[in-house]
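*Asks:* The structure follows.
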Amino acid sequence: MTQTSMEPSGVTGNVLRLPAGGPRRLPVAKWAVRAGVTLIYLFMLSPLIFVVWLSFFKDAIITFPPSGYTVSWYLNAWRNAAFANGFLLSLQLAACAAVGGVILGVAASLALARYRFPGRRTLGNVLLLPLVVPGIVAGIATYLFYLRAENTLDVDIVGTFGGLVVAHICLTIPWTMRLVGASLAQIDDTIEEAARNLGAGPWRTFWRVTLPMLRPAIVASVLFSFIVSFENLELTLPLVGPGKTTLPIAIMQYLEFNLDPTIAAVSAAQIVLLGIVMLITDRFVKLSQVI
């Protein structure tokens, strides 16, 4: 007896074959998604793009559309001694604050994550206060504290480079604690216990086991601490002295009497500098794994 085939036309065997890789999206939907993502990125980057564009305007008074383009504002910023000195001071200050803040922040994060002691929660909240206290309030409080310390110790603190470094270290510690603390919470304690059971002491365990696992968080902490210190204005303003002006303060002082695109040129240079720092950092530690 011959079996009658009941298969629908266009179907081979008993299995309905679909295109490899599943259903394909329509090209229109695909390009619409790409266009939407591109518009979002342009919206987020529009302030940076506008500042860089503005730095090439030819007119001293900003007008739209510009009458032409020039690079003379970059030369004007380069010849300004206040910008040059402020840039060097900000660079040195940010480097010192990033290194000091990361060292103390890593130590504080390890102490709070690995040990239990009275006042642990209070200490953690105090170290994180710079994240919630307004910058100008922190600057005035630090200034008053420095004045009291000067009267007690009979030494100059306000207006010195050392005083600025200490204040900026206090500003950068919370960033390290947040990033390193989050990484410590994801590290399995049994890995460190295994290293100690195999004969490694506390220091060797930290140097050979814990520190390599914290490397992405530490690199990200250095990056963010450098940026926060380099661009800080509110905390730094009450603490600077003669000859100790940072770049953000030099920009503010320039704006008191001038409104030309020189400030845009200085800002564009900062954008390029910080962009290079992030690219170099991403070369060694992928920021997408940390942020």
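The values are calculated or read from the model by the stated rules, or taken from the named source; none is laboratory data. Remember, predicted model here, so these are calculated numbers, not experimental data. Because the Cβ atoms are built from the backbone with ideal geometry, glycine has one as well, and the counts that use them run over all protein chains shown. What goes into the accessible areas is simple: the full protein's heavy atoms, side chains included, and nothing from ligands, DNA or RNA. Shrake-Rupley method; radii C 1.70, N 1.55, O 1.52, S 1.80 Å.
*Asks:* Given the options GLY201, GLY124, GLY275, which has the most mean-square fluctuation in a GNM of the chain, springs set between C-alpha atoms less than 10 angstrom apart?
*Replies:* Maximum fluctuation in the GNM of the chain, among the listed residues, is at GLY201.
*Asks:* Please give the FRET efficiency for VAL37 paired with VAL132, using the beta carbon to beta carbon distance and R0 = 30 Å, rounded to the nearest 0.05. Don't skip to the end; give the middle numbers.
*Replies:* Numbers: r = 33 Å, r/R0 = 1.11.
About 0.35, to the nearest 0.05.
*Asks:* Please report, to two decimal places, log10 I(q)/I(0) for segment 80-257 at q = 0.14 Å⁻¹ as given by the Debye formula with identical point scatterers on the Cα atoms and no solvent.
*Replies:* Values returned for q = 0.14 Å⁻¹ are -0.81.
*Asks:* Now for a separate question. If you place +1 on the Cβ of every Lys and Arg and -1 on the Cβ of every Asp and Glu, how big does the dipole about the Cα centre of segment 80-257 come out, in debye to the nearest 20?
*Replies:* Details: 11 positive and 10 negative charges, 124 e Å.
Roughly 600 debye for segment 80-257.
*Asks:* For the chain, what is the accessible area per residue in Å², given a 1.4 Å probe and the full set of protein chains?
*Replies:* On the way: 19020 Å² over 291 residues.
Accessible area per residue, the chain: 65 Å².
*Asks:* Taking trypsin sites (Lys or Arg not before Pro) that fall in a DSSP loop and have at most 12 other Cβ atoms within 10 Å as cut points, what is the longest piece of the chain between them? If you can, show how the numbers build up before the last one.
*Replies:* Numbers: sites that count: ARG17, ARG24, ARG25, ARG116, LYS286.
Counting only loop sites that pass the neighbour cut-off, the longest clear stretch is 117-285.
*Asks:* Now a separate question. Report the label-to-label distance for LEU91 and ASN151 in nanometres (one decimal), using points 7 Å from each Cα along the Cα→Cβ vector.
*Replies:* My value for the distance between the label points is 4.0 nm.
*Asks:* Ok, one more. Suppose every Lys and Arg Cβ carries +1 and every Asp and Glu Cβ carries -1, with no other charges. What dipole size does segment 62-160 come out with about its Cα centre, to the nearest 20 debye? Walk me through the numbers on the way to the answer.
*Replies:* Numbers: 6 positive and 3 negative charges, 108 e Å.
So the magnitude is around 520 debye.
*Asks:* What residue among ILE136, VAL106, PHE257 has its Cα farthest toward the positive end of the dipole of the chain, where the charges are +1 on Lys, Arg and -1 on Asp, Glu, each on the Cβ?
*Replies:* With unit charges placed on the Cβ atoms, the residue in question is VAL106.
*Asks:* Here's another thing I want to ask about it. Take the Cβ-Cβ distance between ARG79 and LYS58 as r, set R0 to 22 Å, and report the resulting FRET efficiency rounded to the nearest 0.05.
*Replies:* Working: r = 18 Å, r/R0 = 0.82.
Efficiency computed from Cβ-Cβ geometry: 0.75.
*Asks:* Exactly which chymotrypsin sites (Phe, Trp or Tyr not before Pro) in segment 45-124 are in a DSSP loop and have at most 15 other Cβ atoms within 10 Å? Before the final figure, lay out each step's value.
*Replies:* On the way: sites: PHE50, TRP53, PHE56, PHE57, TYR69, TRP73, TYR74, TRP78, PHE83, PHE87, TYR115; in loops: PHE56, TYR115.
When the chymotrypsin sites (Phe, Trp or Tyr not before Pro) of segment 45-124 are filtered for loop state and at most 15 Cβ neighbours within 10 Å, TYR115 remain.
*Asks:* Also, quick follow-up: For a Förster distance of 22 Å, can you work out the FRET efficiency between the beta-carbons of ASN197 and ARG121, rounded to the nearest 0.05? Could the numbers behind the result be given before it?
*Replies:* On the way: r = 30 Å, r/R0 = 1.38.
E between ASN197 and ARG121, to the nearest 0.05, is 0.15.
*Asks:* Most mobile of ILE187, ILE140, ILE169 per a Gaussian network model of the chain (Cα springs, under 10 Å)?
*Replies:* So, out of ILE187, ILE140, ILE169, the one fluctuating most is ILE187.
*Asks:* Projected onto the charge dipole of the chain (+1 at Lys/Arg Cβ, -1 at Asp/Glu Cβ, origin at the Cα centre), which of PHE57, GLY159, ILE271 gives the Cα projection farthest towards the positive end?
*Replies:* The Cα lying farthest towards the positive end belongs to ILE271.
*Asks:* Quick one: pull the percent of accessible area on segment 80-257 belonging to carbon and sulfur, 1.4 Å probe, ligands and nucleic acids left out. Write out the running numbers ahead of the final one.
*Replies:* Working: 6340 of 9750 Å².
So the carbon and sulfur contribution to the accessible surface is 65 percent.
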